[in-house]
Amino acid sequence: MRKNMQETAKTGYKIIAVDDEEGIVDSLSIFLKRSGYDFTGVTDPMEAIERVKTEHFDLMVLDFIMTPIHGDKVVEEIRKFNKELYILLLTGHKDLAPPLETIRKLDIQGYCEKSDKFDQLLLLIESGIKSIEQMNEIKRINNELSETYEKLEKAYLDSIETLRYTVEAKDPYTRGHSDRVSAFSVLIGKYLGLSEADLKTLEIGGLFHDIGKIGIPDSILLKEAKLTDDEYSEIKNHPSIGAHILCNASIFQDIIPIVKHHHERFDGRGYPSKLSGNDIPYMARIAAVADTFDAMTSKRTYRDPLPLDVVKAEIEDCSGSQFDPEIAKVFIDILDNHYDEVQEIQNKFKIS
């Protein structure tokens, strides 16, 4: 036992005991400090809640019957802001313990009856410390894996970002276009009530939606005259090329549908897969509206930006044929009632 106590002393785990009987707290203090633990004793349950809010403790030994509130209420309050504290409940008698359902609901890890001897409690504490050590090790491993994944993710993102800038460098129209499509897509997604995760997918998908243009010859991409049918067919390959570029990186799986299908039409006459209606991935339907809006409001070699009323009329006319009618309706509402947010995006990314 002495060896175990010395080993425990080296761990530095902090224990807080809460009991409104000062004699119990004093006895626990002597016993647990002698066992090598960093110990804090509190007789006021309300103070204990505040201490846990402001200080780190690994384990709590908690009396059940106390004033002004019982132990289960203390745990209920603590669990509102701390889900990890390991809690052992002390009861004066087994019959006075809270129901098993309450113990499970509040995630109380164990309980034992009060006794003049603390052997059983010490065993429960040592068992709890072992569980805490295992959880800390799992956290450490998960953190290392997370850091490794984040580094890999950043490396992939940096590589694809380099490709994106390469596309923009050789295609003047694309400069700023992807940023605006990304921002417009997120704006539409917000007004559609999408989750933060979906908005993130729209953001990244918009940034990389034209990445496949890296595979289109400059002679076609930079041609100022009207494209031939063969050249236009070549341009129509860029969504599939983009999807192929991203397909081997797992972190891009969520955005591939945007990259591949943002030129599909709601009536099935788009490309590359001629999908229609709800068969078109939802995020791609959003990006399609954002992409077309930016194309119409951007200066091209063969025309100036189209007036807003013309753009709105075009989107309304194409609702149900080119665009998902629900998404088109939401975007028209944005243009009518929140146009300042659209202009903010255009100004930020220097529409020209």
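The values are calculated or read from the model by the stated rules, or taken from the named source; none is laboratory data. All of these numbers come straight from a predicted model, not from anything done at the bench. With ideal geometry, Cβ positions are generated from the backbone for all residues, glycine too; neighbour counts draw on all protein chains shown. Protein only, heavy atoms only, side chains kept; ligands, DNA and RNA dropped before computing areas. Shrake-Rupley method; radii C 1.70, N 1.55, O 1.52, S 1.80 Å.
Miscellaneous remarks
- Counted by Cβ distance under 12 Å from K139, the other residues give a net charge of -3, where Lys and Arg count +1 and Asp and Glu count -1.
- For the stretch 229-352, the tally of Lys pairs with Cα-Cα distances below 23 Å comes to 11, considering only residues 8 or more apart or on different chains.
- Placing +1 on the Cβ of every Lys and Arg and -1 on the Cβ of every Asp and Glu, with no other charges, gives the stretch 95-226 a dipole of roughly 640 debye about its Cα centre.
- The stretch 103-174: C-alpha pair distances exceeding 16 Å, %: 72
- Within-11-Å neighbourhood charge of E196 [Cβ basis; K, R +1; D, E -1]: 0
- Fraction in percent of alpha-carbon pairs per bin - 10 Å, the stretch 234-317: 17, 41, 33, 9, 0
- Checking every one of the GluC sites (Glu not before Pro) in the stretch 223-284 against DSSP loop status and a limit of 10 other Cβ atoms within 10 Å picks out E224.
- Here K83 is the anchor, and the lysines within straight C-alpha reach of less than 28 Å, apart from those fewer than 8 places off in the same chain, are K10, K14, K33, K53, K73, K94, K105, K114, K130, K139, K200.
- Within the accessible area of the chain (1.4 Å probe), percent carbon and sulfur: 50
- Across the chain, the longest piece that holds none of the trypsin sites (Lys or Arg not before Pro) lying in DSSP loops with up to 14 other C-beta atoms within 10 Å covers 118-222.
- Kyte-Doolittle mean at least -1.0, axial Cα span of 27 Å or more - DSSP H helices of the chain: 119-170
- Candidate residues H177, H338: accessible-area rank, largest first, probe 1.4 Å: H338, H177
- Within the stretch 283-325: backbone nitrogen closer than 13 Å to the R269 label point (7 Å, Cα to C-beta): 318-323
- Among (1) 55, 51, 36; (2) 70, 53, 41; (3) 94, 42, 34, the entry derived from the coordinates for Cα extents along the principal axes in Å: (3)
- In plain terms, the chain is cut at each of the chymotrypsin sites (Phe, Trp or Tyr not before Pro) found in a DSSP loop with at most 14 other Cβ atoms within 10 Å, and the longest leftover piece is 82-301.
- Looking at the stretch 18-60, the GluC sites (Glu not before Pro) that sit in a DSSP loop and have at most 14 other Cβ atoms within 10 Å of their own Cβ are E21, E55.
- At most 10 other Cβ within 10 Å, DSSP loop - GluC sites (Glu not before Pro), the stretch 101-153: none
- Counting charges near K33 (Lys, Arg +1; Asp, Glu -1) among other residues having Cβ under 14 Å from its Cβ returns a value of 0.
- Rounded accessible area per residue of the stretch 216-352, 1.4 Å, Å²: 53
- Distance from the stretch 61-77 to the stretch 280-352 (C-alpha centre basis), Å: 58
- Solvent exposure of the stretch 110-174 as accessible area per residue, Å², 1.4 Å probe: 67
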